[in-house]
Structures are given as structure tokens and as C-alpha cells.
Amino acid sequence: MSEYRFCPLCAATLSAVAREEDSGLVTRLRCSSCEWTHWNNPTPVLGAIVQRGEHVVLARNAAWQGRRFALITGFMEANETPQEGITREIKEETNLDVTSLSLVGVYEFVKKNQVLIVYHAQATGEIRLSPELAEYQLQRPSEIICWPAGTGHAVADWQRSLGIEPSYQAWEDRV
């Protein structure tokens, strides 16, 4: 359910307690001492299909094993809009300047308890990766093979909007 074991307000042990809520009986981590509740709501994550000229920039996170390439992603900061956040993330991670943004869609990523807000970004400049990213690939929109989770569904929706029928491949099969 969560990594929380103790109440952040009073330090008492948290327990999984079922209570009646608007949507019915729900089990959440709750403090038996002060009644604090850990809601465990999904975290919003920003993603971008970054297009520079005729190519899309796919990057490999330095922490990932294997050679998986995916979209540029990151977390919103306090007091910024999703558009400001993804523009900042693109600049921080690739050094590219966003010239236009359009929303592709919003996607669930249940495995990580996240909600993905994905944009298509047109960008210019010279690619210089942050230390967070190990390497990148440039692919034409029709060459991208989608992964069957999270931002892979956004890529497929974007390809369909271009008249490209997406193809999917499991992460384990990607080179």
C-alpha cells in the first residue's frame, strides 16, 4: 500500500484501517492516535514527445538497466503549470528550447501510482543531455515502436493523430 509506517504528525504506528467513505468501504493507512490518514493519491508526472525537426528525441535514463529509450519525463514543481513544468524538464534534460506545446492526453500508470500528462513539444537547439540521461536516439515518428505501458500509449495516440498505425513491442524485446 505504501512506504509509510509511522504518522508524520505524532509518530504513532500507522495501520491499515477500513472506513466508510463516499465511494464505499476503503482501506487506508491511518493513525490510531491522531486520526491522520495517508491518502496515497497518484502523483502527476509530465511527459513529452519532443520533436526536433523531423525526428523525435527518445532518451535512456542513466538509472535504467538495459537499453530502454522513452520520452522525456519529470515532476511538476510547486507553483508551475504543467506546460511550464514540461518546458523546464525538456530544457533541463536535453538543453532544447520548446517552441510549441500541445496536449496529447492524460494516462494512468498504475504500477507507479502516477497520472501521466503527456504533451507533443516542438523544440530547437543542440541536444546536450543532463547527467540523469545516459544517451538518446533520434527517430522518425513512423519508426517509433511503442511500449505497452504509460507513455507508450501516448506515443501510440500521437502516431494515430498523424495517420500512423502504431506497433507495440514489450520492453524486454527492445534493443
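Any read-out appearing in this document is the output of simple, stated calculations on the displayed coordinates, not a laboratory observation. Predicted, not measured: the structure shown is a model, and the values here were computed from it. Ideal geometry is used to build each Cβ from the backbone, glycine not excepted, and the neighbour counts take in all protein chains shown.
For the stretch 1-68 and the stretch 86-134, write down the distance between their C-alpha centroids in whole Å.
So the separation of the two Cα centres works out to 20 Å.
Among rounded, prolate and oblate, which fits the stretch 43-170 when a ≥ b ≥ c are the square roots of the eigenvalues of its C-alpha gyration tensor, a/c under 1.5 means rounded, and a/b larger than b/c means prolate?
Rounded is the answer for the stretch 43-170, as its axis ratio a/c remains below 1.5.
On a 0 to 90° scale, report how tilted helix 151-161 is relative to the longest principal axis of the chain, with both axes built from alpha carbons and the result rounded to the nearest 10.
Its long axis makes an angle of about 50 degrees.
In what sequence do V57, V45, V17 fall when counting other Cβ within 10 Å, fewest first?
Fewest-to-most Cβ neighbours within 10 Å comes out as V17, V45, V57.
Assuming R0 = 41 Å, can you tell me the calculated FRET efficiency for the pair T37 and S142, based on Cβ-Cβ distance, to the nearest 0.05?
E(calc), rounded to 0.05, equals 0.30.
Among V118, V26, which comes first, then next, by fewest other beta-carbon atoms within 10 Å?
Least crowded to most crowded, the residues run V26, V118.
Please give the FRET efficiency for N61 paired with S161, using the beta carbon to beta carbon distance and R0 = 41 Å, rounded to the nearest 0.05.
0.95
Neighbour counts of other C-beta atoms within 10 Å: give me I145, I72, I117 arranged from fewest to most.
Least crowded to most crowded, the residues run I145, I117, I72.
Is the stretch 59-126 best put as rounded, prolate or oblate by its Cα gyration tensor, with a ≥ b ≥ c the root eigenvalues, rounded for a/c under 1.5, and otherwise prolate when a/b is larger than b/c, oblate when not?
Taking the square roots of the gyration eigenvalues as a ≥ b ≥ c, the stretch 59-126 is oblate.
Work out, step by step, the length gained on full extension between R88 and R68: first 0.36 nm times the residue separation, then minus their alpha carbon distance; give nm to one decimal.
4.9 nm is the gain from fully extending R88 to R68.
Once the Cα atoms of helix 82-94 and of the chain are each reduced to a long axis, what angle between those two axes, in degrees from 0 to 90 to the nearest 10, is obtained?
60 degrees
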